[in-house]
Amino acid sequence: MAQKIVSQSYWKPILLKDEHPKGGGSTIAGYENILLVSDLDGTLLDSEQQISEENQRAITEFKKSGGIFTIATGRMEQAALPFAELLKIDVPIILYNGAVLYHPKSHSRIAEKSLDGYGELLEAFQTIMEETELGLLIYQNGGVYTTQKNETIRQHEEKDQVECQLITNPAVLKGPITKILLISSDRKTLAKCEEIVKLRGYPCGLVYSEHNYLEILPEGASKGSALLHLQDYLNHDFTTVCVGDNLNDLPMLEEAARGFIVGNCHSSLTDYKFNQTVHHEEHAIADIIYNHIFQ
């Protein structure tokens, strides 16, 4: 009998005592009513997975002038928090492509969505792993797991500066998971995985966060839905400005009052009427803050 997967289509809220900040400092430039949300990889980060001094300086000035800055990424806590700490972000950040809203000050999840009943799906992916260099990553409770540490997994660990825990059988992961990430340089392999999910009728979200990253998310989870939840949490009438580079950013860009795409963005995003900024290697966030926010 086929195993049924259940996706929590609601947000699981977690109450915090933190006050909702209404601004980041003085209000000299009118930034106090602006919420700026940036993707990480391919947008805020350069090709060395670093935030340039130009972007850091612009974000600091933006916050000192009253603006609220945060990040929205497909990364997990361990891979995203170093950047949140570097930028002194004191409002929730969007993780796992919208499946989790996380507060870096309290180190707590504000809200989350999850998947259950994923056993047969993982078994099918494991079969593909035996024939290809498919990377399978399973995220649960702030950790990341894999059933085989091949070269694809090792490259991902190096890129995100995380360590995947090796498990012999996915059955040891009891309870809900946050998401599944499939990595392959062969698009046909990812297409096969995508077809498996669709043929089984699993209620979930499918999104390519990079050309070689296929993500299986809880139904209803996206950066866009998480952005709406963030706005409710902040409880302030912000003008929301969002910037991204790939298809997983699309829901967030569509929800924003002003959406920006970087010069290196996925070609499909240019079909939309988003504002355009420079290549991510040219300090795109600084360009938006200094040259575009008030246009």
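The set of residues in region 47-62 that are surrounded by fewer than 17 Cβ atoms within 10 Å (Cβ to Cβ) and within 19 Å of the chain's Cα centre (by Cα) comprises 47, 48, 49, 50. Inclusion of residue 194 among residues that are buried (at least 23 other Cβ atoms within 10 Å of the Cβ) and in contact with a strand residue (DSSP E or B) (Cβ under 7 Å, 6 or more places away or on another chain) is not warranted.
Residues of region 98-118 that are on the phi < 0 side of the Ramachandran plot and not in a loop (DSSP other than H, G, I, E, B): 100, 101, 102, 103, 108, 109, 110, 111, 112, 115, 116. Answer with yes or no whether residue 33 is modelled with pLDDT of 95 or more, among the polar types (S, T, N, Q) and either surrounded by fewer than 21 Cβ atoms within 10 Å (Cβ to Cβ) or assigned by TED's automatic domain parsing to the domain that holds residue 258 (or both). Spelling it out, it is not the case that residue 33 is modelled with pLDDT of 95 or more, among the polar types (S, T, N, Q) and either surrounded by fewer than 21 Cβ atoms within 10 Å (Cβ to Cβ) or assigned by TED's automatic domain parsing to the domain that holds residue 258 (or both). Of the residues making up region 49-77, those that are over 28 Å from residue 222 (Cβ atoms) and either in contact with an Asp or Glu (Cβ under 7 Å, 6 or more places away or on another chain) or in a loop (DSSP other than H, G, I, E, B) (or both) are 65, 66. Whenever a residue of region 271-290 is over 16 Å from residue 246 (Cα atoms) and in contact (Cβ under 8 Å) with a residue 24 or more places away in the chain, its partners that are part of a helix (DSSP H, G or I) and among the basic types (Lys, Arg), lying with C-beta atoms within less than 8 angstrom and at least six residues away or across chains, give the pairs 286/57. None of 198, 223 is basic (Lys, Arg), out of contact with any helix residue (DSSP H, G or I) (no Cβ under 9 Å at 6 or more places or on another chain) and on the phi < 0 side of the Ramachandran plot except 198.
Consider residue 97 carefully, then state whether it is polar (S, T, N, Q), under 23 Å from residue 222 (Cα atoms) and surrounded by fewer than 21 Cβ atoms within 10 Å (Cβ to Cβ). Taking the combined requirement at face value, the residue does not satisfy it. From the list 289, 216, the lone residue that is over 19 Å from the mean Cα position of the chain (by Cα), aliphatic (A, V, I, L, M) and either surrounded by 23 or more Cβ atoms within 10 Å (Cβ to Cβ) or not assigned by TED's automatic domain parsing to the domain that holds residue 188 (or both) is 289.
Does residue 207 fit the bill of being in contact (Cβ under 8 Å) with a residue 12 or more places away in the chain, under 18 Å from the mean Cα position of the chain (by Cα), surrounded by 21 or more Cβ atoms within 10 Å (Cβ to Cβ) and not assigned by TED's automatic domain parsing to the domain that holds residue 66? Yes: the conditions hold for residue 207. For region 242-272, filtered to residues that are of a type in the set (Val, Ile, Thr) and under 16 Å from the mean Cα position of the chain (by Cα), the residue that is surrounded by the most Cβ atoms within 10 Å (Cβ to Cβ) is 243. Checking the stated criteria, residue 181 turns out to be farther than 18 Å from residue 49 by Cα and not in a helix (DSSP H, G or I).
Scanning region 174-218 for residues that are within 21 Å of residue 130 (Cα to Cα) and in contact with a Lys or Arg (Cβ under 7 Å, 6 or more places away or on another chain) gives 215, 216. When region 57-72 is filtered for residues that are polar (S, T, N, Q) and without any contact (Cβ under 8 Å) to a residue 40 or more places away in the chain, only 60 remains. Total residues in region 128-158 satisfying the condition of being more than 19 Å from residue 80 (Cβ to Cβ) and either assigned to a loop (DSSP other than H, G, I, E, B) or in the same structural domain as residue 50 (by TED's automatic domain parsing) (or both): the figure is 9.
Among the residues making up region 242-268, a single one is closer than 17 Å to residue 205 by Cβ, among the hydrophobic types (A, V, I, L, M, F, W, C) and in contact with a helix residue (DSSP H, G or I) (Cβ under 6 Å, 6 or more places away or on another chain): 252.
The values are calculated or read from the model by the stated rules, or taken from the named source; none is laboratory data. No experiment lies behind these values; they were computed from the predicted model shown. Cβ atoms come from the backbone with ideal geometry, glycine included; neighbour counts cover every protein chain shown.
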